[in-house]
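Data first, discussion second: the structure below is written as structure tokens.
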Amino acid sequence: MTAGLEDVDVVARGQAYLATLAGRRVAVVGLARSGIAAARLLAAARARVVAIDAKPVTALGADVAALAA
């Protein structure tokens with residue numbers, strides 16, 4: 001028997017997983033909208049984030065520059 005979504009506390013499981021990322025090294029490949037969002041989420045979870053994109057930082061915009069700060 002498979003549990004339905006109503007049987008799983010998705011938010012609590014997600015928060016528990018994010019807590020395990022503290023201090024771990026993670027890489028985000030591509031700094032479009034979703035990459036920037038992922039990098040912010042991981043940084044908020046206190047992971048050590050390395051972001052990689054084919055474009056130079058100066059071509060990626062203010063959102064990416066703010067990540068580096």
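Annotations for the structure displayed:
- Cα centre as origin, Lys/Arg/Asp/Glu Cβ charges: the chain dipole, Debye: 380 debye
- In order along the range 10-19, the Karplus-derived 3J(HN,Hα) couplings, from 6.51 cos²θ - 1.76 cosθ + 1.60 at θ = phi - 60°, round to 4, 5, 5, 5, x, 5, 5, 5, 4, 5 Hz, and Gly and Pro are given as x.
- The H on the amide N of residue 28, modeled in the peptide plane, is under 5 Å from the matching H of 50, 51, 52, each at least 5 residues off or on a different chain.
- Taking the accessible area of the chain, probe 1.4 Å, and keeping the other protein chains in place, the carbon and sulfur fraction comes to 59%.
- The Rg/Rh ratio of the chain, with both radii computed over alpha carbons and Rh defined as the Kirkwood radius, is 1.12.
- Efficiency of FRET from Cβ geometry, residue 50 and residue 16, R₀ 25 Å, rounded to 0.05: 0.60
- Under 5 Å from the amide H of residue 46 lies no amide H of any residue 5 or more positions distant or on a separate chain, with H modelled from the backbone and absent for Pro and chain starts.
The values are calculated or read from the model by the stated rules, or taken from the named source; none is laboratory data. Worth saying up front: this structure is predicted, and the values here are computed from it rather than measured. Positions of Cβ are generated from backbone atoms using ideal geometry, with glycine treated the same way; all protein chains shown enter the neighbour counts. With ligands, DNA and RNA removed, areas are computed over all heavy atoms of the protein, side chains included. Shrake-Rupley method; radii C 1.70, N 1.55, O 1.52, S 1.80 Å.
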